[in-house]
Every structure is written in C-alpha cells, then in structure tokens.
Amino acid sequence: MLYLSRFKMTPIWVAVAITGVLGAPGLFAASPLAKQPDGVPKLQIAGDLDQQGGSHILLSLDLDDLIKGRLETTRDEIRSLLRSARIGYTGLARSGRTVQVRISDSTQVEAAKTALKTLTDPVAASGSIQETTLDESEPGGLLKFTATDAGITYGTSTALAQSIEVIKRRIYELGITEPIVQQQGDDRILIQMPGLKDPKRLSEILGRTAKLTIQLVDQSMPVRDALSGQPPIGSSVLYSQDDPPVPYLIENRVIVSGENLIDAQAKYNSQSNESVVSFPLDSKGAARLGQATSQNIGKLIAILDDQVISVPVIREPVLGGSGQISGNFTAQNAEDIALMLRAGPLPARLTIVEESPMAAPK
C-alpha cells in the first residue's frame with residue numbers, strides 16, 4: 001500500500017483523478033431544452049430554479065492550459081515511441097507551441113520520423129485535421145513538432161465536450177439529478193442547477209482539473225541549482241501548493257496517472273484517526289509503481305496535480321497495487337476527493353467567469 005500524505009498545507013484539497021470510471025458519455029440524459037416560438041432552443045430554467053432556488057454558473061475553458069497539456073502529451077509520446085524503437089535522442093523539450101527533439105545518430109533520423117509518424121497523422125475522428133506538423137529543416141537531426149491552429153480548434157471543441165461529461169458526472173455524484181449543462185460559444189460552458197444546497201462546494205469541485213500523476217523527484221542536483229541554472233534534461237521545476245510555494249525538481253516521466261485508477265472511496269483510518277481516500281490501481285499502474293518503488297528505495301516520489309501535492313520517501317516497494325491519500329481531511333474533504341477520482345479529470349482548467357445564486361421565492 002502506498003500512503004500519500006500532505007504536509008505544510010491547509011486541509012482543504014488534494015486534487016487527484018481517474019479517467020472515465022463511471023462510464024461512457026451516453027450514460028447521462030440530454031439537457032432539458034424548450035422550443036421557443038422562433039424555433040431557437042432555449043434553456044428551460046424558470047419552472048425549476050424560480051420555484052426551488054438554484055445556481056447559474058458560467059465556466060470558461062483555459063486555452064493556454066489546454067495547449068500546454070496537449071504539448072506535454074506529445075512530449076511524452078515522443079519519449080515513449082523513440083525508446084520503443086531503440087532510437088537515441090537528446091534535448092526533448094517544449095517551447096511555446098512546439099516540442100523538439102534531437103536524434104543522436106544522424107543515420108537514425110529517418111527511422112525516428114517513421115516511429116513518430118502517428119504524431120502528424122490526421123485525427124481519425126475528423127478525417128483531415130492535422131493536429132501537429134513536423135519541421136525537419138534544421139541540421140543535426142533536430143525534429144520540431146508544432147501544434148496547428150486547426151488542431152487547437154479541434155482540441156478545444158473536443159475538450160469542451162469532455163468537460164461537459166465530467167461536469168455532469170461530478171454533479172450527479174453530488175446528488176443533483178436534473179442539472180442543465182451545455183456549451184455556450186466556442187469556449188464556455190453554462191450550468192443551471194435547481195435546488196442546489198451548497199453552491200460554494202460545487203464551485204470548488206467544478207474548478208479543479210484533478211489530474212493525478214505520480215512521478216519521481218530528480219535528486220541529481222539541488223533544486224536551487226536548477227532554479228539558478230538549467231534543470232537536467234528530462235526534468236522540470238514544479239511548485240507545491242504551500243504558501244509560500246516550495247520548488248521541487250521533478251522528472252517529467254509519468255509513472256502512474258489518473259487513467260490507472262479504477263476506483264476511489266473515502267474511508268476512516270482508525271489507526272491514524274483521520275479520514276483518507278483509498279484507491280486501487282489497474283494492472284499496468286500497479287506494475288509501473290511496483291517497479292519504480294523497487295528501484296528507488298530511500299528516494300523521493302512526488303504526487304502532483306499540476307502542482308506538487310506531497311513528496312513522501314519510498315520506504316519499501318509498493319507491490320499491492322493500491323494507494324491511500326491522507327492530509328488531515330474532514331469527512332467531506334475526503335468524499336469530495338473520492339468523488340473527483342471517480343468522476344474523472346477535466347482536460348484543462350475551467351475558470352468561473354459568472355456565478356449567480358438564484359433563491360427560491362418565499
């Protein structure tokens with residue numbers, strides 16, 4: 001069992017996630033709409049919100065966060081594909097909308113392009129949209145993969161659809177059975193909920209991306225040296241959620257992600273006398289965590305959701321395929337964390353741009 005604990009942080013939040021545990025998007029009913037005389041669909045909110053009270057929330061998709069996440073995925077795919085093809089490389093890094101990598105052996109450049117071809121293939125669902133283009137014009141085996149405008153537009157549309165389904169799952173987990181969740185414009189989501197009892201709690205839950213990753217801490221140099229100079233290739237400086245934030249040098253390679261979680265439940269640990277969140281891993285996640293912890297006894301491992309959540313020491317191999325998160329949680333804190341583990345991560349941050357509580361008439 002892997003026990004993950006926070007330190008030096010207020011016991012409000014640990015953001016962790018699992019992708020798609022509760023099922024496919026079709027699990028949920030379509031948002032209720034009413035046809036107006038002019039034939040334009042309009043949200044039917046008067047009968048519910050006016051009579052029961054409720055909340056109106058308008059969310060905006062963070063495009064910069066979406067692009068960053070997509071490029072980090074591209075970077076990880078390049079690393080994985082080149083390693084699988086046994087092709088040596090250096091300088092794998094992200095800059096702006098581009099991920100670049102230098103092939104060590106010039107005779108392997110063509111083999112590398114073949115191995116990485118899937119990155120520039122058109123998106124299967126779209127038929128023609130190319131999300132990434134390859135620039136190989138620079139000498140020395142340097143390959144540059146750049147996100148296209150069409151790919152970003154397609155990714156935004158896809159991310160909005162995914163976000164709507166995640167939001168629905170989170171709302172349903174709270175026991176709200178008739179939410180209205182629908183896209184508005186190119187990058188916004190409108191939410192209307194009748195009978196909402198705790199809008200503050202919902203806002204906190206909707207505002208978290210909840211992307212769990214477990215990665216090793218790079219202890220090859222002090223983090224202060226990485227801050228004043230250049231971090232080692234394959235590692236980045238990330239900060240904790242503390243106030244003030246604490247920097248850590250983190251390996252970019254992801255050992256376990258939210259996709260490897262298969263469930264999450266809030267529990268009470270009688271030994272430590274605290275509420276915790278327990279989660280089992282799938283076979284792939286369990287194998288990766290077991291191997292990483294077996295090979296790094298005495299070293300640090302980081303649990304992240306964009307920021308560093310906690311950095312425990314690996315005391316022994318984690319071979320049981322499960323983990324536990326603690327952090328002086330209240331019972332509701334643990335329930336909310338488990339809820340988002342089950343409901344799934346958002347593909348990018350959502351910012352609340354408008355929030356209007358609607359009280360029921362007396």
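Coordinate-derived values only; no laboratory data. Every value quoted in this text rests on a predicted model; they were computed, and no experiment measured them. As a convention, Cβ positions derive from the backbone with ideal geometry for all residues, glycine included, and neighbour counts pool all protein chains shown.
Do the alpha carbons of any pairs in LYS113/LYS144; LYS68/LYS117; LYS117/LYS144 sit beyond 19 Å of each other, and which pairs?
LYS68/LYS117
What is the sum of charges, Lys and Arg at +1 and Asp and Glu at -1, for the other residues whose Cβ falls under 14 Å from the Cβ of ALA331?
Charge balance near ALA331 sits at -1.
What is the stretch 221-301's relative contact order, in percent, from Cα pairs under 8 angstrom and six or more apart in sequence?
Relative contact order comes out at 19 percent.
Would you pull out the residues with amide H under 5 Å of SER322's amide H, same chain only if 5 or more places away, H placed 1.01 Å from N?
LEU2, LEU281
With a 10 Å Cβ neighbour count serving as the proxy for reagent exposure, in which order, fewest first, do ILE164, ILE103 appear?
Exposure proxy ranking, most exposed first: ILE164, ILE103.
Need one number: nm distance between label points at ILE297 and VAL237, each 7 Å from Cα along Cα→Cβ, rounded to one decimal.
Output for this residue pair reads 3.4 nm.
Lys and Arg at +1, Asp and Glu at -1: add these up for the other residues within a Cβ distance under 15 Å of LYS299 and post the number.
Cβ neighbours under 15 Å give a net charge of -1.
Run the simple label-point estimate for ALA93 and GLN183 please: 7 Å along Cα→C-beta, distance reported in nm.
Modelled inter-label distance: 3.6 nm.
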